[in-house]
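> So that we are looking at the same thing, I have put the structure below in structure tokens.
The values are calculated or read from the model by the stated rules, or taken from the named source; none is laboratory data. In this text, all values refer to a predicted model and were calculated from it rather than measured experimentally. We place every Cβ from the backbone using ideal geometry, glycine too, and count neighbours over all the protein chains shown. In case anyone asks, the SASA skips ligands and DNA or RNA and just uses the protein heavy atoms, side chains included. Shrake-Rupley method; radii C 1.70, N 1.55, O 1.52, S 1.80 Å.
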Amino acid sequence: MHHYSPLERVLRGVALTAIVIFFMFPIFWIVLMSLQTNETILRSPPSMVFEPTFSNYAAIIAGRLDSNVASMGIEFMNNLMNSIILSVGSVTVALILGVPAAYAFARHKFRGSEDIAFTLLSFRFAPPLLVLLPLTMYFQQIGLADTYLGLIWVYQLICLPLILWIVRGYFEDIPQDIEHAYRIAGHSWFATFRKIALPLAGPGIAAAALLAFIFAWNNFIFALVLASADKQPVTVGALAFVTASGIQYGQIAAAVVLSITPTLALALYAQRYLVEGLSLGAVKG
Amino acid sequence: MSYLTLAGVNKIYGKVVHAVKDLDLSIDKGEIIALLGSSGCGKTSTLRMIAGFESVTGGSISLDGKQIDTLPPAKRGVAMAFEGYSLYPPLTIYENIAFALKGSRLASSDVDKRVREVAHLVEIEDILDRYPSSVSGGQQQRVSLARALIRDADLHLLDEPMGQLEPQLRALLRGRVKHFIQERGLTAILVTHDQTEANALADRIAVMEDGELQQFDTPRALKNRPANLFTGTFIGEPPMNVFPAQTRLQDDRVHFLLEDDVALDFDRASFSDAVVERLDRGTEVTIGIRPDAVNLDSNGKPAKVFVNQWLGDQTHIAAEFAGGSIVSVEHQRLALTEGEIIGITIAAQDLHIFESSGGRAISHGGQLNER
């Protein structure tokens with residue numbers, strides 16, 4: 001353990017506080033906004049004194065947006081459900097495909113293995129718009145446009161390389177002889193993969209899955225182009241609050257709070273794995 | 001029919017590195033064999049091919065009459081102690097050892113009895129409840145050894161099983177492990193670069209260098225009748241003294257002319273007729289003398305001392321001799337100072353003669369080396 005002088009300790013405290021405020025303030029402010037009406041949000045100068053209201057949340061959950069001009073239906077809860085289906089579905093598929101692939105890339109050097117792994121990574125380099133136009137045409141022809149299956153498929157461009165490359169690193173960190181010791185005791189390679197490699201790489205897999213989930217959740221452009229209203233996730237759905245009669249800041253804020261809640265809850269729950277998983281030395285010899 | 005047979009086994013990594021070259025090895029049931037050599041000599045590659053973690057590039061391996069080189073490791077019936085220990089981090093030491101018996105369908109009381117027995121053998125009873133990450137490297141190594149020994153395998157492979165242990169414990173465990181293996185009639189192959197360990201544990205030692213088997217024989221034969229110059233200088237501590245020499249047969253004497261006009265001559269009767277005939281044909285040879293066979297005698301050939309080191313139980317004296325240096329081991333302290341001239345004599349029965357090119361042994365102690 002390091003020992004810090006009092007001055008160092010104070011400086012560390014100040015720096016940490018500044019960082020926490022910097023990152024937490026937007027969330028704090030959006031929570032405040034979600035509890036106000038459009039009038040109190042837009043007053044100048046802004047104030048933190050107001051009468052809290054849950055009308056924004058009520059409107060979103062009920063699916064009715066009442067503005068001073070007209071009232072219209074919004075599909076936000078439906079969007080939230082779509083986000084969950086798409087993100088969970090994509091991460092699940094990416095795990096099923098990516099983890100065994102990562103193991104293969106980590107353990108077996110076959111002809112072209114590095115090239116294949118790099119090609120998969122390169123999906124992350126290309127701007128999404130580059131592939132979207134041809135993809136839209138293909139998807140319409142084969143009937144995958146505007147389906148969950150089609151979207152989850154396209155989301156693999158985001159999730160699969162991420163999981164593959166992170167998890168591969170974890171498998172490579174496991175000393176191969178640990179697996180050999182298990183195999184020589186009379187177990188097949190598949191049993192070894194299941195009983196030794198998977199549990200040892202567990203924290204890494206959890207971290208990769210969480211990151212992939214967040215990336216999938218935050219995706220905007222694929223869903224904007226490929227999904228119609230009833231398949232849209234929250235990122236696209238939030239556009240509905242930009243109405244003819246003005247921007248509904250209160251409802252947007254409430255929608256944002258609702259949409260970050262699942263990822264935030266997941267991140268808090270899995271914090272231990274994340275820290276353990278994203279820092280090196282997950283497996284100590 | 002031998003128990004384990006390696007026939008013409010080759011290992012080539014990526015078409016470039018020829019790690020094991022045409023290795024033939026036959027091992028009987030109940031034998032303890034050591035693969036001895038310096039780092040990168042192919043001994044661990046050989047062991048891993050027997051275990052099934054490396055494919056065999058050419059040749060075949062059979063165990064108990066069954067060809068095993070194409071079987072997966074799980075089907076070969078071998079147990080192994082790994083150089084890197086390779087314990088399962090989430091399991092306790094006890095569970096790590098007991099885990100090796102999982103496939104054997106023993107009652108849990110039997111498992112417990114055997115774990116405690118083998119834990120006692122390698123002195124790890126007090127850490128059975130701890131986790132691998134919280135014990136020392138030496139303890140992890142003993143756990144790894146215990147995990148291999150506890151299994152009822154057809155063949156036990158031990159890769160540097162005691163490299164991390166302190167000397168006293170190593171000496172103690174060598175005796176116990178050897179007894180354990182012999183008592184149960186197990187067959188074991190040990191990989192080591194430590195010749196003391198090989199000598200203490202093994203019935204026969206396979207000396208390897210640069211992927212080739214140099215000699216496969218008992219520890220005693222390796223020391224007394226090395227097959228070539230490599231084995232001669234590799235086995236034995238301190239190493240054998242070697243000098244290039246020219247032979248000349250004159251009257252009833254055999255002369256060896258060394259550098260700096262040093263000549264050693266022996267009675268012709270000290271060498272068998274076959275040796276004399278062989279020496280008559282090729283006169284360029286390399287002679288080798290073990291340090292403990294170098295006698296100090298004031299009537300001998302002169303040599304100039306440059307090191308006199310008392311090691312607590314023996315003295316090593318190094319002296320300039322015949323254009324090189326010669327090391328002598330004596331069993332008492334000697335009052336020799338640096339620069340002092342001593343006399344050296346060598347008996348014909350202590351002389352090892354090798355071909356100067358290729359290094360194959362010609363004779364040991366006056367008798368022709370049989371091949």
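> Over the Cα atoms of the range B:195-235, Rg to Rh with Kirkwood Rh, two decimal places?
0.92
> Counting only heavy atoms of protein chains, what accessible area per residue, in Å², does the range A:111-158 have with a probe of 1.4 Å?
Accessible area per residue: 65 Å².
> P(r) tail for the range A:202-271, what percent of Cα pairs lie past 13 Å?
The calculated P(r) of the range A:202-271 puts 70 percent of pairs beyond 13 Å.
> If you don't mind, another one. Taking 60 Å as R0, compute the FRET efficiency from the Cβ-Cβ separation of B:Ala335 and B:Glu212 and round it to 0.05.
The value I calculate is 0.85.
> Which of the trypsin sites (Lys or Arg not before Pro) found in the range B:255-361 are in a DSSP loop and have at most 15 neighbouring Cβ atoms, other than their own, within 10 Å?
Sites meeting the loop and neighbour criteria: B:Arg333.
> Determine the percent antiparallel among the DSSP beta bridges restricted to the range B:1-157, to the nearest 5.
Rounded to the nearest five, the antiparallel share is 80 percent.
> In percent, how large is the relative contact order of chain A, given Cα pairs closer than 8 Å and 6 or more residues apart?
The normalised contact order for chain A reaches 28 percent.
> Which aspartates and glutamates have a Cα less than 16 Å from the Cα of B:Lys11, not counting those fewer than 8 places away in the same chain?
Filter leaves B:Asp22, B:Asp24, B:Glu54, B:Asp69, B:Glu209, B:Asp210, B:Glu212.
> Per residue of chain A, what 222 nm ellipticity follows from adding -39500 (n - 2.57) for every DSSP H run with n ≥ 4, rounded to the nearest 500?
Value at 222 nm, helices only: -22000 deg cm²/dmol.
> Taking a ≥ b ≥ c as the square roots of the Cα gyration tensor eigenvalues, with a/c under 1.5 meaning rounded and otherwise prolate when a/b beats b/c, else oblate, which class fits the range B:106-185?
oblate
> Shifting gears a bit: To the nearest 500 deg cm²/dmol, what mean residue ellipticity at 222 nm is calculated for chain B from DSSP H runs of n ≥ 4 alone, each contributing -39,500 (n - 2.57), summed and divided by the residues?
About -7000 deg cm²/dmol.
> Please list B:Phe53, A:Phe76 in order of solvent-accessible area, largest first, computed with a 1.4 Å probe with all protein chains present.
Ranking B:Phe53, A:Phe76 by accessible area, largest first, yields B:Phe53, A:Phe76.
> Obtain the nm distance between the two label points defined at A:Ser5 and A:Ala126 by a simple spin-label model: each point lies 7 Å from its Cα along the Cα-to-C-beta direction.
Between A:Ser5 and A:Ala126, the label points sit 5.7 nm apart.
> Oh, and also: Kindly tabulate the residues in the range A:174-217 with an accessible-area decrease of at least 30 Å² between the chain alone and the assembly of all protein chains, using a probe of 1.4 Å.
SASA drop of 30 Å² or more in the range A:174-217: A:Asp177, A:Ile178, A:His180, A:Ala181, A:Tyr182, A:Arg183, A:Ile184, A:Ala185, A:His187, A:Leu200.
> Just the projected area, averaged over all directions, of the convex hull on the alpha carbon atoms of the range B:131-286: how many nm²?
13.7 nm²
> Excluding ligands, DNA and RNA, what is the accessible area buried between chains A and B, summed over both sides, using a 1.4 Å probe, to the nearest 100 Å²?
1500 Å²
> Keeping the other protein chains in place, figure out the carbon and sulfur percent of the accessible area of the range B:241-368, with a 1.4 Å probe.
Exposed carbon and sulfur together represent 43 percent of the surface.
> To the nearest 0.05, how large is the calculated FRET efficiency for A:Val49 and B:Ser133 if R₀ is 51 Å and r is the Cβ-Cβ distance?
Plugging the Cβ-Cβ distance into 1/(1 + (r/R0)^6) gives 0.40.
> Taking only the alpha carbons of the protein assembly as shown, what extent do you get along each of the three principal axes, in Å, biggest first?
Largest to smallest, the principal-axis extents are 131, 64, 56 Å.
> Relative to the present Cα-Cα distance, how much length would full extension add between A:Ile19 and A:Ser113 at 0.36 nm per residue of separation?
29.7 nm
> Same structure, new question: From the mean inverse distance of alpha carbon pairs (Kirkwood) and the Cα radius of gyration, derive Rg over Rh for the range A:6-73.
Over the Cα atoms of the range A:6-73, Rg/Rh equals 1.22.
> For the range B:1-41, what are the per-bin percents of Cα-Cα distances with bins 5 Å wide, up to the bin holding the maximum?
Answer for the range B:1-41: a P(r) of 6, 18, 21, 25, 17, 9, 4, 0 percent.
> Turning to a different aspect of this structure: Largest first, please: the extent of the C-alpha atoms of the range A:95-153 along each principal axis, to the nearest Å.
39, 23, 16
> Let me ask another. Averaging over all projection directions, find the projected area of the Cα convex hull of the range B:4-225 and quote it in nm² with one decimal place.
12.3 nm²
> Per residue, what volume in Å³ does the Cα convex hull of the range A:130-285 take up?
For the range A:130-285, the hull spanned by Cα atoms encloses 151 Å³ per residue.
> Considering every pair of different Cα atoms, what Kirkwood radius, in Å, is found for chain B?
When all Cα pairs of chain B are included, the Kirkwood radius is 23.1 Å.
> With a cut-off of 8 Å between alpha carbons and a minimum separation of six or more residues, what is the relative contact order of the range A:204-271 in percent?
About 34 percent, as a whole number.
> What is the gain in length, in nm to one decimal, between B:His193 and B:Asp273 on full extension, counting 0.36 nm per residue of separation less the C-alpha to C-alpha distance?
Result: 25.0 nm gained on full extension.
> Write down the percent of antiparallel bridges among all DSSP beta bridges whose residues are both part of chain B, to the nearest 5.
Of those bridges, close to 80 percent are antiparallel.
> For the range B:57-102, which residues drop by 30 square angstrom or more in accessible area between the chain on its own and all protein chains together (1.4 Å probe)?
Hits at the 30 Å² cut-off: B:Pro73, B:Ala74, B:Phe82, B:Ser86, B:Tyr88, B:Pro89, B:Phe99.
> Now a separate question. Once Rh is set to the Kirkwood radius over Cα pairs, what Stokes-Einstein translational diffusion coefficient, in µm²/s, holds for the range B:253-371 at a temperature of 4 °C and a viscosity of 1.567 mPa s?
This corresponds to a translational diffusion coefficient of 85 µm²/s.
> Please state the Cα pair-distance histogram of the range B:138-184 with 10 angstrom bins from zero: what percent is in each bin?
The distribution over the range B:138-184 is 25, 61, 14, 0, given as percents.
> Oh, and also: Greater than 26 Å separation of Cα atoms is the criterion. Which listed pairs, B:Lys29/B:Lys223; B:Lys21/B:Lys223; B:Lys15/B:Lys223; A:Lys195/B:Lys43; B:Lys75/B:Lys102; B:Lys15/B:Lys66, meet it?
From the list (B:Lys29/B:Lys223; B:Lys21/B:Lys223; B:Lys15/B:Lys223; A:Lys195/B:Lys43; B:Lys75/B:Lys102; B:Lys15/B:Lys66), the Cα-Cα distance tops 26 Å for B:Lys15/B:Lys223; A:Lys195/B:Lys43; B:Lys15/B:Lys66.
> With a 10 Å radius around each residue's Cβ, average the other Cβ atoms per peptide and rank A:45-54, A:127-136, A:214-223, highest first.
Packing order, densest peptide first, comes out as A:214-223, A:127-136, A:45-54.
> Of B:Ser136, A:Ser44, which has the most accessible area with a 1.4 Å probe, and how do the rest follow in descending order?
Most to least solvent-accessible, the answer reads A:Ser44, B:Ser136.
> Let me ask you something else. Shape call for chain A from the C-alpha gyration tensor, a ≥ b ≥ c root eigenvalues: rounded (a/c under 1.5), prolate (a/b greater than b/c) or oblate?
Verdict is oblate for chain A.
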